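J.: This is the structure I have questions about; it appears just below.
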Amino acid sequence: MSLSQNQSFAKVSVSLNGSIAVITIANPPVNALSHAVRQGLLTCLNEAQKNAEVKAIVICCSGRTFIAGADISEFGQPPMLPHLPDVLAQLDQSSKPIVAALFGTVLGGGFEVALSCHYRVALPGTQLGLPEVNLGLIPGAGGTQLLPRLAGLDVALQMITSGKPQSAKSLFECGVIDLLAPEDYLIACAINFAKQVVEEGKELPRVSQMVVHAHGPKGDVSDDLFDLWRKKLAKKARGQTAPQYAIDCIENAVLLPFDQGKKRERELFILCRDSLQSSAMRHAFFAERRAGKLSSAHDQTKNMALQSINEVAVIGAGTMGGGIAMCFANAGLPVLLLETNQDNLARGLDGIRQRFEQAVNRGLINTQQLEHRMSLIQGTCEYQNLANADLVVEAAFETMAVKQQIFAKLDQVCKTDAILATNTSYLDINEIAKSTSRPHKVLGMHFFAPANIMKLLEVVCAKGTDEQTLKTVMALGKVLGKISVAVNVCYGFVGNRMYACYGREANMLLLEGASPHQIDTAMTSFGMAMGPLAVNDMSGIDIAYKARQENPPTHPDPLYFRAADLMVEAGRLGQKTSAGFYDYDTATKTPKTSEAGLAMFAKEALALGVTQRDITKEEIQNRLVFALINEGARLLSEGIATKASDIDAIWLNGYGFPRYLGGPMCCADQIGLAEVVDGIKAYQKGANGLYWQVAPLLEQLLVGGGMLSQQ
Ligand code: COA
């Protein structure tokens, strides 16, 4: 068959440019290596191999990127031939030179394709990486054997265990990339490179046949290198199996011949692929992407034009307001920061500068970027100066009266179509909206502290919020680099309402005899980034106390958050007073058990008729996690959250829920809904029994079948 005419194999085609066969993959949006692509690539390769006219092959992609990895949506399905390792073996063993033309994000299987070719030509901005650990996986088509051989152990260990990509420029320096092509000339350069290789007729460099070196071509492998990495990752990627397997595989690249190392890698890859951790992390990947898409209830007009947001104002230059202003400046948007007086404003702007300086010290930005971002943030004490703002985000005191006053003022001075957002964590946004003449332009933008770092943004749709306002803010969230999740109004919205149930159980367990340390270590060993009481001490126990005062529970319960209230009433507000649930060393902020605190809990338990007892780690974990699951199910039934995966995206990005458990909804499915419901029923008999009514959705799913995370 002649290749001079295009031959299409569904998503992969091949054409002839002189003596060079150009294989092009077209599988939008990211050219993932689906079954059809693997099949097409193999067929095109075979055709090119058979054709005597073809002297060399270039592999490239159309669209926005070279292959960005295996098709993640196929992982849960039965595997289909050809497997990627078999396709890559054909590349490696080809007698005709193969050049990969790289651009965009060359990730996972895409990078393994590139590493299996004989040469790599790339645009300088290309990002290349093996991000499998982020999905609970290891590379499964030779990545752990190929990268150490080509780039040396240091680069390979760093890239494979972190999952972080590197630029083509830096990989050019360590020999992974053979040529950096100028913008717009990638394919032409790759074809010329291939022709040159043919002319020179040199022996083909096959990565599989290279020897691994510690630091590129000359270094040696130290005896304890891999053990040191294992220890480091046991801390950094606590609870995760894939990074440890990745180290085993990279060590095999030193110890075993290529084929054996690759075989072992595949075995461990399959173990990971079929694991609960990977299934949860893949769920997390899609949950975060689905979060940005509005459900049909929220998305009636598909192609509605969004409002332009060119100028933003933030009310309040405290920690939260300052962090929010930084988010906008980081995204290149000018921000006007409003404070009640010059002193507060100056203090707020100083605080922002200090936080940017910390980012410089950590190498995240340079001083030029710092100055540019500071220049985007201007201060004012005059509401009139907000007249041109397209969006105002209010981050003032968390009291309804203050917020209503501010919104009434904003309504007077701002353009009629300006969006007015509140950063409230708990308050009823419908009530705030009533203080304006434009409730359709009012909504919540609930940032999480520190706002310039945390990825989560709850976009809270009030009763009157119109479609355009919601869509505009959701799109803006993406510009800010946030995971934006649309939720509806209730006390605490999704995240904090669930957190209140989680905190309620932690507080009750203190009265029942568990120590703060016992509760926190139970939850960190479950996988939470921090324990609930350490978090509370860090952020200030008085904050939620004030919120409870402002919004007392409808059915008063003397046990409800009694432990936290005791702390606040004794002036133990957390780290800021060097005493809270723990005592703190003033200089180092190191927590230690507070005997005084324990005595206060014991005394209060006696007074309130709560019997103290020994409490197991399992009970602590189950009570806190089942409380989250049950409340999440209620939020779904009430329509406050529109998808279960939104709840997971919120907990993964705002509350330190372990990614390898996928979020509380996914975790419920993995535990088994029957076990969760049995647990909830058992806790009905405990000291906090009145809160343990099984959410109707859980009962329904248990009877009718179905997964909570798919609701
Ligand atoms: N398999 C299947 N679908 C994928 C995919 C993959 N490997 N990578 C991305 N997609 C899909 C996303 O789900 C999204 O689909 P949607 O538009 O229907 O929501 C679309 O491609 C675009 O992805 P998105 O993440 O929104 O775009 P982006 O430009 O911000 O980022 C990537 C692009 C490739 C950097 C990012 O998607 C990514 O990191 N993908 C995973 C890469 C990976 O882990 N590869 C190794 C797999 S083992």
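The values are calculated or read from the model by the stated rules, or taken from the named source; none is laboratory data. Fair warning: this is a prediction, and the values are worked out from it, not measured in the lab. A quick note on method: Cβ atoms are made from the backbone with ideal geometry, for glycine too, and the neighbour counts reach across all protein chains shown. Surface accessibility is based on the protein's heavy atoms, side chains included, excluding ligands, DNA and RNA. Shrake-Rupley method; radii C 1.70, N 1.55, O 1.52, S 1.80 Å.
J.: Would a scan of region 84-105 turn up a residue that is within 15 Å of the ligand (Cβ to nearest atom), part of a strand (DSSP E or B) and not basic (K, R)?
T.: yes
J.: Of the residues V473, V485, only one is in contact with a strand residue (DSSP E or B) (Cβ under 8 Å, 6 or more places away or on another chain), in contact (Cβ under 8 Å) with a residue 12 or more places away in the chain and not in a helix (DSSP H, G or I); which?
T.: The match here is V485.
Results for (1) part of a helix (DSSP H, G or I); (2) closer than 21 Å to M707 by Cα, shown as yes or no for each residue.
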{"position": "A596", "(1), (2)": "yes, no"}
{"position": "A602", "(1), (2)": "yes, no"}
{"position": "A607", "(1), (2)": "yes, no"}
{"position": "I615", "(1), (2)": "no, no"}
{"position": "E618", "(1), (2)": "yes, no"}
{"position": "L624", "(1), (2)": "yes, yes"}
{"position": "E631", "(1), (2)": "yes, yes"}
{"position": "G639", "(1), (2)": "no, yes"}
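J.: Something else: Being at pLDDT 95 or above, of a type in the set (S, T, Y), farther than 15 Å from S515 by Cβ and open to solvent by less than 30 Å² (accessible area, probe 1.4 Å), is that true of even one residue in region 579-598?
T.: Yes, some residue in region 579-598 is at pLDDT 95 or above, of a type in the set (S, T, Y), farther than 15 Å from S515 by Cβ and open to solvent by less than 30 Å² (accessible area, probe 1.4 Å).
J.: Let me ask something additional. Looking at G527, G540, G531, G513, can you tell me which residue is surrounded by 22 or more Cβ atoms within 10 Å (Cβ to Cβ), of a type in the set (G, A, S) and within 30 Å of L566 (Cα to Cα)?
T.: Of the residues listed, the single one that is surrounded by 22 or more Cβ atoms within 10 Å (Cβ to Cβ), of a type in the set (G, A, S) and within 30 Å of L566 (Cα to Cα) is G531.
J.: When you scan region 118-237 for helices (runs of 4 or more DSSP H) that lie fully inside it, which ones turn up with 1 or more residues that are within 16 Å of the ligand (Cβ to nearest atom) and small (G, A, S)? Please lay out each step first, then the result.
T.: Values: elements: 143-151, 153-162, 168-173, 186-200, 225-236.
Correct list: 143-151, 153-162, 168-173.
J.: Here is a further query. Restricting to region 556-570, what's the tally of residues that are open to solvent by 40 Å² or more (accessible area, probe 1.4 Å), under 13 Å from I541 (Cβ atoms) and in a loop (DSSP other than H, G, I, E, B)?
T.: As a first pass, look at region 556-570 and keep what is open to solvent by 40 Å² or more (accessible area, probe 1.4 Å): 556, 558, 560, 562, 569-570.
Among the residues that remain, those that are also under 13 Å from I541 (Cβ atoms) are: 562, 569-570.
From what's left, in a loop (DSSP other than H, G, I, E, B): 570.
Of the residues in that region, 1 qualify.
J.: Right, something else. Of all the residues that make up region 223-265, how many are of a type in the set (V, I, T) and open to solvent by 40 Å² or more (accessible area, probe 1.4 Å)?
T.: Count: 2.
J.: Right, next: Those residues that are in a loop (DSSP other than H, G, I, E, B) and either within 16 Å of the ligand (Cβ to nearest atom) or within 18 Å of A194 (Cβ to Cβ) (or both), I need them from region 72-83; list them, please.
T.: If the condition is that a residue be in a loop (DSSP other than H, G, I, E, B) and either within 16 Å of the ligand (Cβ to nearest atom) or within 18 Å of A194 (Cβ to Cβ) (or both), then F75, G76, Q77, P79, M80, H83 are the ones that fit.
J.: Can you name the number of the only condition in (1) part of a helix (DSSP H, G or I); (2) touching a strand residue (DSSP E or B) at 6+ places or on another chain (Cβ under 6 Å); (3) closer than 24 Å to K546 by Cβ that A317 fails?
T.: Unmet for A317, out of (1) part of a helix (DSSP H, G or I); (2) touching a strand residue (DSSP E or B) at 6+ places or on another chain (Cβ under 6 Å); (3) closer than 24 Å to K546 by Cβ: (1).
J.: A further question follows. Does A313 count as modelled with pLDDT under 95 and open to solvent by less than 20 Å² (accessible area, probe 1.4 Å)?
T.: no
J.: Next up: Any idea which of S116, S95 is touching a helix residue (DSSP H, G or I) at 6+ places or on another chain (Cβ under 9 Å), open to solvent by 10 Å² or more (accessible area, probe 1.4 Å), within 16 Å of L45 (Cα to Cα) and polar (S, T, N, Q)?
T.: From the options S116, S95, the qualifying one is S95.
J.: Return the pairs, sorted by first residue and then second, in which the second residue is open to solvent by 40 Å² or more (accessible area, probe 1.4 Å) and assigned to a strand (DSSP E or B), the first residue lies in region 54-83 and is touching a residue at least 40 places away in the same chain (Cβ under 8 Å), the beta carbons are less than 7 Å apart, and the residues are 6+ apart or on different chains.
T.: As it stands, the answer is T65/T105; A68/T105, since those pairs meet every condition given.
Listed here are the residues, each with its yes/no results for (1) among the β-branched types (V, I, T); (2) under 24 Å from H213 (Cβ atoms); (3) open to solvent by 30 Å² or more (accessible area, probe 1.4 Å); (4) in contact (Cβ under 8 Å) with a residue 40 or more places away in the chain.
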site	(1), (2), (3), (4)
L130	no, yes, no, no
T144	yes, yes, no, yes
A151	no, yes, no, yes
D154	no, yes, yes, yes
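J.: Please work out which one of (1) within 16 Å of the ligand (Cβ to nearest atom); (2) open to solvent by 30 Å² or more (accessible area, probe 1.4 Å) is the condition Q342 fails and give its number.
T.: Condition (1) is where Q342 drops out.
J.: Take the residues of region 54-65 that are within 16 Å of the ligand (Cβ to nearest atom) and over 23 Å from the mean Cα position of the chain (by Cα): which is surrounded by the fewest Cβ atoms within 10 Å (Cβ to Cβ)?
T.: Looking at residues that are within 16 Å of the ligand (Cβ to nearest atom) and over 23 Å from the mean Cα position of the chain (by Cα), I get S62.
J.: Could you tell me how many of the residues in region 694-711 are surrounded by fewer than 19 Cβ atoms within 10 Å (Cβ to Cβ) and either free of Cβ contacts under 8 Å to residues at least 12 places away in the same chain or under 29 Å from L135 (Cα atoms) (or both)?
T.: Adding up the residues that qualify gives 8.
J.: Hey, another quick one. For residues that are more than 34 Å from the chain's Cα centre (by Cα) and open to solvent by less than 20 Å² (accessible area, probe 1.4 Å), scanning just region 24-50, find the one that is farthest from the ligand (Cβ to nearest atom).
T.: In this case the residue turns out to be A48.
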